[in-house]
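Shown next, in structure tokens, is the structure this report addresses.
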Amino acid sequence: MRNFAIMMGGACALLSSLGVVGSHSAARAADVPSYFKEIVGTQTASPAEIGTKNVLQLNSTMFELYGEAGKLFKKNILAQHPLILGLFSGAGGRFILYRPGMAPIDAPQVPIAYQLLKSVGHSTMALAEVIVPYLNSPNDLTWRASLASYRNRMQFALDGVDATDMRDDWKPNNRSILQNNIAFMDECLKNNAITADALDAFAKKQAPLLKKNIAWAAQTQVAHWMDVIGGWKQMLGADWEKAFAASNTIYVARQNNILFSVLAQFMGPEAVNDRLILIETVSFTTTPDDMLDSLTRIIADRPVGAAFFGHNRLMDFELMGGDARQAIVDEAAKRKMTLNLPPLVPIGSRQWPTLVTPGPGAKTLADLP
């Protein structure tokens, strides 16, 4: 404390020497030492600018206070409720169970066969990414080096398929995919050309093989996680009914999100958007801490919505959304525009948080030729 007092005394002395402390600050402005003159100048602000800054600071301070309160909310929620996080990963996902007063449980990973099937399937997709930019550039051969290098990796993978921990009846399909990849690359390298016709024939040959890998990978992943979540539900017993769960998703994984869909089978339709939350992100992977922060913030906002507005699910959604919707209706009418808005749904709807309106057209990969 003594050092702090000395430091503060020195700071006050410095400020006094600069003419910014005491009743004589204006009179002593000219006494600023020469070495400060390049960075010190007269500051002026209008009452409107000062008032605006002070009012806006309330919003900034709100986020600071919200962050501090969030730590307490998280602690209190974790002390009373089991929480399950389902996080996307390249290994088929990750599930973590948090129980009051106990260490978190990290579920075992999906069997490695899932990753093997995806890796072989992705190899064909990656091959297309290498060559497609050059379809309209017959005189540009800069693709050759990348393709030749990838061809070597493909051969190593083909040589190792039989030794992998994959079901024996799945291995022939995976060998065929890799063999077709290699044959197509050899053709391109031999002809010094990548043609649309060759790519089309290659894609048609691979499509039915890739569909099999996709189906097997999905079956492997879902069977594993159904076992895990089913075991956790049995372990929690009556506490399951007060458990919260969340999974993360980016835009392309919203529809039929696998981890969310598995959780929904065990938690039931009444849990959707209530105890089971789908959290959208901008990246494939999210840290458990970030997911916990998001989930506990949603839960903590609910009593606030109830206290101020009479509904404990109001703040699950954009608070200004209803008024903004009406403003859009009014503004569209002024501009004689055709209104394009979804139907109004009740606050706290249990509707699945993805596309749910039926219609014509293919709905799954199996629906496509």
Residues in region 340-363: is at least one surrounded by 14 or more Cβ atoms within 10 Å (Cβ to Cβ) and within 22 Å of residue 72 (Cα to Cα)?
-> no
Hits in region 104-119 - residues which are open to solvent by 40 Å² or more (accessible area, probe 1.4 Å) and over 30 Å from residue 159 (Cα atoms) = 104, 105, 106
Restricting attention to region 206-258, which residues are polar (S, T, N, Q), under 20 Å from residue 113 (Cβ atoms) and loosely packed, with under 14 Cβ neighbours inside 10 Å?
-> 219
Taking the options 101, 92, 86, name whichever one is assigned to a loop (DSSP other than H, G, I, E, B) and crowded, with 20+ Cβ neighbours inside 10 Å.
-> 92
Search result, residues across region 190-214 that are outside any loop (DSSP other than H, G, I, E, B) and touching a residue at least 24 places away in the same chain (Cβ under 8 Å) = 196, 199, 203, 205, 206, 209, 210, 211, 212, 213, 214
For residues that are among the small types (Gly, Ala, Ser) and either at pLDDT 95 or above or in contact with a helix residue (DSSP H, G or I) (Cβ under 9 Å, 6 or more places away or on another chain) (or both), tally how many sit in region 290-321.
-> 3
For residue 77, are the conditions met, namely being open to solvent by less than 70 Å² (accessible area, probe 1.4 Å) and touching a strand residue (DSSP E or B) at 6+ places or on another chain (Cβ under 6 Å)?
-> no
Would you check if residue 202 is surrounded by 15 or more Cβ atoms within 10 Å (Cβ to Cβ), more than 35 Å from the chain's Cα centre (by Cα) and of a type outside the set (Asp, Glu)?
-> no
Restricting the search to region 150-170, which residues are charged (D, E, K, R) and surrounded by 16 or more Cβ atoms within 10 Å (Cβ to Cβ)?
-> 151
Residue, nearest to residue 89 (Cα to Cα), within region 280-298, restricted to residues that are of a type in the set (A, V, I, L, M, F, W, C) and buried (at least 19 other Cβ atoms within 10 Å of the Cβ) | 291
Any chance region 120-128 includes a residue that's among the β-branched types (Val, Ile, Thr) and surrounded by 11 or more Cβ atoms within 10 Å (Cβ to Cβ)?
-> yes
Verdict on residue 117 being in a helix (DSSP H, G or I), under 25 Å from residue 231 (Cβ atoms) and either in contact (Cβ under 8 Å) with a residue 24 or more places away in the chain or among the small types (Gly, Ala, Ser) (or both) = yes
Those residues of region 129-149 that are surrounded by fewer than 16 Cβ atoms within 10 Å (Cβ to Cβ) and under 33 Å from the mean Cα position of the chain (by Cα) come to a total of 5
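The values are calculated or read from the model by the stated rules, or taken from the named source; none is laboratory data. Quick caveat: nothing in here was measured; it's all calculated off a predicted structure. Here the Cβ is made from the backbone with ideal geometry for all residues, glycine too, and neighbour counts use every protein chain on show. What goes into the accessible areas is simple: the full protein's heavy atoms, side chains included, and nothing from ligands, DNA or RNA. Shrake-Rupley method; radii C 1.70, N 1.55, O 1.52, S 1.80 Å.
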